[in-house]
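Derivation of every value follows stated rules applied to the coordinates shown; laboratory data play no part. Keep in mind the model is a prediction, meaning the values are calculated, not measured. Neighbour counts are summed over all protein chains in view; Cβ atoms, including those assigned to glycine, are modelled from backbone coordinates with ideal geometry.
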Number of protein chains: 2
Amino acid sequence: MSETINQAHFGEHLTLDGYGGSYEKLNDRELVLSCLSDLPKKLGMHPLAEPVIYAAADNQLRDPGGWSGFVVIAESHISIHTFPKRRFVSIDAYTCKNGFDPSIIERYFQEAFSLEDMETNFIKRGTKYPVENIFE
Amino acid sequence: MSETINQAHFGEHLTLDGYGGSYEKLNDRELVLSCLSDLPKKLGMHPLAEPVIYAAADNQLRDPGGWSGFVVIAESHISIHTFPKRRFVSIDAYTCKNGFDPSIIERYFQEAFSLEDMETNFIKRGTKYPVENIFE
């Protein structure tokens, strides 16, 4: 694939679902927040605002509660949803800087939450993104 | 695939990248916000908080600016990044209610932003999600 084509897609999106994580780490509000501040710096991304984080309550069903955090990057995002009681975390890292190495993000979260196993998808977003403005 | 296996995955995630949208609609802060309030209701999802929206500035390069908004649902999210000058929008609708019909979401955004074309990915998230709590 030529460099021109690589440049043309809008962004790259890694979904990462992690299993067997540490209950304590997945339940640690400050740790989730610090990942949302720290990872954009590591990847050279520029947040538009401070991360936000919410507590999700146990609904006694499929969702046993945890932390849900989000940071908006210019113009993409990172999100983290943790489920400490299931040792599960569901993460999105969407960047409009192309060519990043997904293994850096995988390793980062594997270490942060002590994940035993993970499942990832790597998606090229906006493959027909116009390279020039249509309106000025 | 048996129903048991269908139930086992954690959630479903639609990525939708839309082209040829209306400049006015993609540039309309209130419209982006109202999609983030309205769509969860249509899908029977329960937001944890009000939607948040930020203006992203034109960086004179690949990113000509637009609106970036998201709403955190228990426990998943919807995000919208608009690029009016490129008539482009990049959307994620991630829900932990399984079995939703992606075409409802596609039609919803096609109409909301008058999209001429779109590119989607449908991802089953957390296919090994534990159906019971590991910790109580």
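At-a-glance table
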| item | result |
| --- | --- |
| Over 32 Å between alpha carbons, listed pairs B:Lys85/B:Lys128; A:Lys97/B:Lys124; A:Lys42/A:Lys124; A:Lys25/A:Lys124; A:Lys42/B:Lys41; A:Lys25/B:Lys97 | B:Lys85/B:Lys128; A:Lys42/B:Lys41 |
| Three-way shape label, the protein assembly as shown, alpha-carbon gyration tensor, a/c 1.5 | prolate |
| Dipole in debye (nearest 20) - chain A, about Cα centre, beta carbon charges: Lys, Arg +1; Asp, Glu -1 | 140 debye |
| Size of chain A as Cα extents on the principal axes (Å, biggest first) | 49, 30, 28 |
| Average beta carbon contacts from partner chains per residue of A:39-48, 10 Å cutoff | 1 |
| Degrees separating the helix A:29-43 axis from the principal Cα axis of chain A, which is the longest one | 20 degrees |
| Whole-number percent relative contact order across the range A:5-136, with pairs defined as alpha carbons under 8 Å at least 6 apart | 41 percent |
| Low-density loop positions, trypsin sites (Lys or Arg not before Pro), the range B:33-136 - DSSP coil, at most 12 other Cβ in 10 Å | none |
| Rounded tilt (10° steps) of A:102-113 against the dominant C-alpha axis of chain A | 20 degrees |
